[in-house]
Amino acid sequence: MTFFSRLQNIGVRTSYPNYVNNKIVLSNLLAFFIIILVALPFTIIAATYAAFLVFIPVLGIVAMSCVWLLNKSGGVYLARILSAVTPLTLAVWFTAYLTSPHTSPPLVMVLICMAFAILPFLVFDIREKPYLIFSAILNFALFLSLGKLSEIFIKEVDVSFISSGFLYQMNYVIAILLAFTIVFMLAFIGYRAELKSQKLIDDNKKQTSELQKSEEVLKQNLDEVQRVQEEEKNRAWVTEGLGRVNNLTRAQNDPDKLSKEVISEVAKYLGANQGAIYLVEKGDTESEEPYMEMKAAFAFGRKKNMSDKVRAGEGLIGQCFLEKDMIFLTEVPENFVKIKSGLGDATPRNIVIVPLLANEEVEGIIEVASFEVLANHKIDYLKKLGESLATSFNLNKVNANTRRLLELSQEQEEQMRSQAEELHQNMEELQATQEEMERKSRETEEQNQQLQQQEEELKQNMEEMSAQAEEMERNMNRMETLQQEMQARENILDETTIISEADLFGNIIYTNNKLSEVSKYSKEEMMGKPHSLFRHPDMPKEIFKSVWNTIQSGKMFRGIIKNRAKDGSVYWVDAVISPVMNENNKPIKYVGVRYVIEEEKIAQQLFDKQLKRMKLK
């Protein structure tokens, strides 16, 4: 920073308002120019022509130096009063010595005094009215006393040096320079004020533009937040609907009854006006193709030329079975289907037909009709519902077949017992007949031989039927043993191992009791939620990224995971996660088996080794 820059910034502080700092700078510059243009030249002139007047310009130098000292020490208002009043005071005093009584003061001094008289308007802002008015009034009084003080300060002085010759011209130059300097400063102040105003206007425009941009960004952010909230609301709606249907499937084993409850729940939950469920049934013979039979309906109005049984490729239901894909209609023909009420009937605006797919096999068809076009999240709900219902109906079919086989086995066993009793009764009758025949003559011997032969055949049949009964009993015992073994294994796993299943998006679709026991969440709280529900904040994101990369590629992942329970407690698990692949070698869901590590120290050691192995530590 140069000397001149340091000089003009004496006393400037960031705590002062901007207009005060500007006036401090002007007072510093004014003091400098008065010393250079007035005080020093008049000190030299006085020392040369009127030595007794030297003290007045010297006082001016001292006063202007005091301006800098006062600004430096914080007395900025006193400093500016001194810079505004002192130059005119000393000039009037100096002029009084140079003016004889009853004569006019020298013109050059009048010009200098006029220039000094307007200094208050230079060093004070209009917002500093008390100081400005005080200094201006004082200077006005001093200027009016310019011709009257000569009677007080009477001293014989030769004023020719200032009224003619070179010094006279030089003083004019000084007066004009001083006036120009003051006018220039005033003009400079106006110029800076104009620049500042323009800058404020530009800044205001810029801020207005930025505010408009910020408003647009805020609107976009609000729209995005609303969109995300709407998506989250829709996801929650879908999850809740799937959970309600899953509760029905767990409570009902009969496919027909389950169909009625499900279509009623789905139609009401969707706000649809009509619906039906078709289940795939096998033909009576192996050569006969499977067909679809309507098991349940909600406010169903029968379609034109459509029966309760539908073959593959027959109508939209049959076409959906062949293509294994959803059919979405928004332009429904007039006589295709009607939604009826007590007041009349009307054609729906939207028909959605969704296949119930399990392992790429169609287990059934669900059809929904509505006066309103279903929203995207409702369509998503129907698609996910198709997968869930297909699995449920498939399990119901398996269970129904198992019950049917068991009933058939029991019926055959009962028939065999009945036949055995009949055979035993026949044996008794044969024995009676044999005894009676023995009492007869030899003429009936041939008949006895025939009866003996029949008896042997009956015995052989009895042995064969007894062997069949024993084989059936052994099969029944083996089935009971297998069921007991399966139940024992399931009980052991449920007691010691956490088991869960997730869809392709990581949402929970099955849990065992062990997971509820360890995580403190109920099954209802976990179903449909992502596995991040258990994520502990200490777990690095890279581990979960590795998990997804591994299982999505069709490989099995194993690692130590730190989880957080519902109550905030920590539990460690040795997790094994494996994808379940379809015939195209693509994952259809993920099964996770986790073993709780009771010793936290051991778990932490294993976890640290895992981090080192993954180069995360």
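Ordering T14, T95 by accessible area with a probe of 1.4 Å, largest first, what comes out?
Greatest to least solvent exposure: T14, T95.
Taking 0.36 nm per residue of separation and subtracting the Cα-Cα distance, what length does fully extending K617 through K589 add?
Working: separation 28, 0.36 × 28 = 10.08 nm, distance 3.16 nm.
Length gained, K617 through K589: 6.9 nm.
Give me the 1.4 Å probe accessible area per residue for the chain, excluding ligands and nucleic acids, in Å².
Normalised by residue count, the accessible surface of the chain is 60 Å².
With each label point set 7 Å from Cα along the Cα-Cβ vector, what nm distance links Q412 and R235?
Calculated label separation equals 5.2 nm.
Which value in Å is the Kirkwood Rh of the range 380-524 over different Cα pairs?
The Cα-based Kirkwood calculation yields 21.3 Å.
Work through the residues other than N401 whose Cβ is under 13 Å from its Cβ and net out their charges, Lys, Arg +1 and Asp, Glu -1.
+2
Among 525-532, 543-550, how do they line up from the highest to the lowest mean number of other beta-carbon atoms within 10 Å?
Highest mean packing first, the order is 525-532, 543-550.
Work through the residues other than E464 whose Cβ is under 14 Å from its Cβ and net out their charges, Lys, Arg +1 and Asp, Glu -1.
Taking every Cβ under 14 Å from that of E464, the sum is -4.
Need one number: nm distance between label points at N475 and S546, each 7 Å from Cα along Cα→Cβ, rounded to one decimal.
5.2
Positive end of the charge dipole of the chain (Lys, Arg +1 and Asp, Glu -1 on Cβ, about the Cα centre): tell me which of Q8, L408, N18 has its Cα farthest that way.
Q8
Once fully extended, how much extra length lies between K555 and K609, figured as 0.36 nm per residue of separation less the alpha-carbon to alpha-carbon distance?
Roughly 17.3 nm would be gained on extension.
Taking 0.36 nm per residue of sequence separation and subtracting the Cα-Cα distance, how much length would be gained by fully extending the chain between L218 and M486, in nm to one decimal?
Result for the pair: 90.5 nm of gain on full extension.
What are the semi-axes of the equivalent ellipsoid for the chain, taken as the square roots of 5 times the Cα gyration tensor eigenvalues, largest first, in whole Å?
Its equivalent ellipsoid spans semi-axes of 118, 32, 16 Å.
Any idea what angle helix 600-613 forms with the longest principal axis of the chain, computed on alpha-carbon atoms, 0 to 90 degrees, nearest 10?
The helix 600-613 is inclined about 70 degrees to the chain.
Can you tell me, using C-alpha contacts under 8 Å and at least 6 residues apart, the relative contact order of the range 1-155 as a whole percent?
23
Students often check this: by mean Cβ neighbours within 10 Å, which of 202-215, 422-435 ranks highest, and how do the rest follow?
Peptide ranking by packing, descending: 422-435, 202-215.
Compute the Rg to Rh ratio over the range 538-599 from the alpha carbon atoms, using the Kirkwood formula for Rh, and round to two decimal places.
Numbers: Rg = 13.2 Å, Rh = 12.7 Å.
Computed over Cα atoms, the ratio is 1.04.
Can you tell me the FRET efficiency between V398 and K440 if r is taken as the Cβ-Cβ distance and R0 is 60 Å, rounded to the nearest 0.05?
Once rounded, the FRET efficiency stands at 0.45.
Would you work out the relative contact order for the range 496-617, in percent, from Cα pairs under 8 angstrom that are 6 or more residues apart?
25
Within the range 371-451, list the trypsin sites (Lys or Arg not before Pro) lying in a DSSP loop whose Cβ has at most 13 other Cβ atoms in a 10 Å radius.
Passing both the DSSP loop test and the Cβ count: R439, K440.
Considering only protein heavy atoms, with the full assembly of protein chains and a 1.4 angstrom probe, order W572, W68 by accessible area, largest first.
Result, largest first: W68, W572.
Where does the chain land at 222 nm, in deg cm²/dmol rounded to the nearest 500, when only DSSP H runs of n ≥ 4 count, each adding -39500 (n - 2.57), divided by all residues?
-21000 deg cm²/dmol
Taking +1 at the Cβ of each Lys and Arg and -1 at the Cβ of each Asp and Glu, which of L146, N396, L37 sits farthest along the dipole of the chain towards its positive end, judged by Cα position relative to the Cα centre?
The one lying farthest along the dipole's positive direction is L146.
How far apart, in nm, are two points set 7 Å out from the Cα along the Cα-to-Cβ line at F3 and at N513?
It works out to 9.7 nm between the two label points.
In the neighborhood of D538, defined by Cβ-to-Cβ distances under 15 Å, what is the net charge if each Lys or Arg adds +1 and each Asp or Glu adds -1?
Numbers: positive: R535, K541, K562, R564, K617; negative: E542, E600, D608.
Neighbour charge sum, excluding D538 itself: +2.
If you average the sequence gap of Cα pairs under 8 Å that are 6 or more apart and divide by the length of the chain, what percent do you get for the contact order?
For the chain, the relative contact order is 6 percent.
The values are calculated or read from the model by the stated rules, or taken from the named source; none is laboratory data. Bear in mind the structure is a predicted one, so any value in this text is a computation, not a measurement. Ideal geometry is used to build each Cβ from the backbone, glycine not excepted, and the neighbour counts take in all protein chains shown. Only protein heavy atoms, including side chains, enter the accessible area calculation; ligands, DNA and RNA are left aside. Shrake-Rupley method; radii C 1.70, N 1.55, O 1.52, S 1.80 Å.
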